[in-house]
Each structure stands twice: as C-alpha cells, then as structure tokens.
Amino acid sequence: MADHDPRLEKIDCDAARRDLSLLVDLECDDACRSRLEHHLAGCPTCREMFLSERRLKAKLSRSCYEKAPTGLRERLMVEIRRTTVTTTDADGNSVTHRTTTVEHREQG
C-alpha cells in the first residue's frame, strides 16, 4: 500500500483562504502549494481571491518604491546595530550596557 501523500489532501475554502497569502508570497512548502493549487483549480471563488491578492501585492510593490532619505537610513542602521544588554550585579542592581558596532560618520 502506498504512503499517504499530504499534497493530495483536499482542503475546504476556509483552509485555502487562511493560506492564500502564503502562496501569494511564495512562502508555503511544496505540500501546501500543491493542496492550494489543487483547490484553486476547482474553486473559482477562491481562485479569484488568490488572483486579487496577487494583483494587490504587485500594485503595492510598484507603488512603494521610494527610498528613505540618506540621513534617516544611516540613523536607522546605527540603531539596528546598537546592542543594549541589561544585567543584574551581585547586589541585585540592574546594569545596562550599550554598544554601537557602527558609528555615524559625517561626510566631509
């Protein structure tokens, strides 16, 4: 007897709709993708929802192309690389240590 193949499991519309964004974002595994594609092939309502989500994502991608100003990007990168560690010393006092791995440099 052959092993059960989860890619061939039928799913209902509720399950398909919960996972449509995974398919749109190409974040589902092969089994999930196969189940969704199989469901979409036979369900025009869910297929239209999927196509709608895909069109919306494409439109948002085309619309959101502005870059943050250079100064803001640099400040954000410094904050991202800043490490804050809070420890407790032997007396029970909190001690905060901050480390910045990248320093902002003025352009000359």
* Select from the range 24-36 the residues that are buried (at least 16 other Cβ atoms within 10 Å of the Cβ) and of a type outside the set (Gly, Ala, Ser) and write down the one among them that is farthest from residue 57 (Cα to Cα). => 35
* To do: Please identify the pairs in which a residue from the range 73-89 that is among the aliphatic types (A, V, I, L, M) has its Cβ atom under 6 Å from the Cβ atom of a residue that is at pLDDT below 80 and surrounded by 10 or more Cβ atoms within 10 Å (Cβ to Cβ), counting only partners at least 6 apart or on another chain.
  => 78/102; 78/104
* Asked: Residue check: is residue 21 hydroxyl-bearing (Ser, Thr, Tyr), surrounded by 10 or more Cβ atoms within 10 Å (Cβ to Cβ) and assigned to a helix (DSSP H, G or I)?
  -> yes
* Among the residues of the range 74-94 satisfying the criterion of being in contact with a strand residue (DSSP E or B) (Cβ under 6 Å, 6 or more places away or on another chain) and among the charged types (D, E, K, R), which is surrounded by the fewest Cβ atoms within 10 Å (Cβ to Cβ)? -> 89
* Just checking, how many residues over the range 45-73 are at pLDDT below 90, open to solvent by less than 60 Å² (accessible area, probe 1.4 Å) and assigned to a helix (DSSP H, G or I)? -> 0
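The values are calculated or read from the model by the stated rules, or taken from the named source; none is laboratory data. Quick caveat: nothing in here was measured; it's all calculated off a predicted structure. Heads up, the Cβs are rebuilt from the backbone with ideal geometry, glycines too, and the neighbour counts pull from every protein chain shown. Quick note on the areas: whole protein, heavy atoms, side chains included, nothing else; ligands and nucleic acids left out. Shrake-Rupley method; radii C 1.70, N 1.55, O 1.52, S 1.80 Å.
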